[in-house]
1. Kindly evaluate residue 87 against the criterion of being of a type outside the set (Val, Ile, Thr), surrounded by 19 or more Cβ atoms within 10 Å (Cβ to Cβ) and either more than 13 Å from the chain's Cα centre (by Cα) or closer than 26 Å to residue 42 by Cβ (or both).
2. Between a first residue in the range 53-75 that is in a helix (DSSP H, G or I) and a second residue that is of a type in the set (D, E, K, R), which pairs have beta carbons less than 7 Å apart while being 6 or more apart in sequence or on different chains?
Amino acid sequence: MVLNFPKKKDTYLKYISGRGWTVRTNEVASEFHVDPPAITKILAGLEDAGYITHVPYQGVCLTEAGRHHGYFLIKRHRILSPARVRYGLSVEHACRGVTRSGSLVSRDAIDTMCRAMGHPRQGVCGEFTHDDGCIGDTGPENGRNMA
């Protein structure tokens, strides 16, 4: 199943996920060079979808669904990037390409690729997080990072 989520919203959610639980609205606006009123509208769409909660004068926080989907977006990016680098692209070009085309790759495909890669811990873009989809029921005793 391919995720039905607009690429741009994926980008915002991935950014928020990478920044932690709470991110100020103006920080997101600044990162993406978007006016604060426009980013407020964009983030309202993520809130309507159940991925974030807006906390007035503090910013936005990820919901459990937002955290889960956001970690998947980061994992998908980090699974797809090394293959592009391996075939000669620079890290920058690999990351840019994954950002443009990654939404076409399903969660099942990413989990399969992660298993085939031996559940890597470090990618070209950063540390991996793993979830039950790719490694089943594992815990700290197996040395895996859980999303």
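1. Working: of a type outside the set (Val, Ile, Thr): yes; surrounded by 19 or more Cβ atoms within 10 Å (Cβ to Cβ): no; either more than 13 Å from the chain's Cα centre (by Cα) or closer than 26 Å to residue 42 by Cβ (or both): yes.
No: the conditions fail for residue 87.
2. 70/14; 71/131; 72/107; 73/10; 73/14; 74/14
Every number in this text was worked out from the coordinates using simple rules, so none of it is lab data. On a predicted model such as this, the values are computed, not experimentally measured, just so you know. Cβ coordinates were reconstructed from backbone atoms using ideal geometry, including for glycine residues, and neighbour counts include every protein chain displayed.
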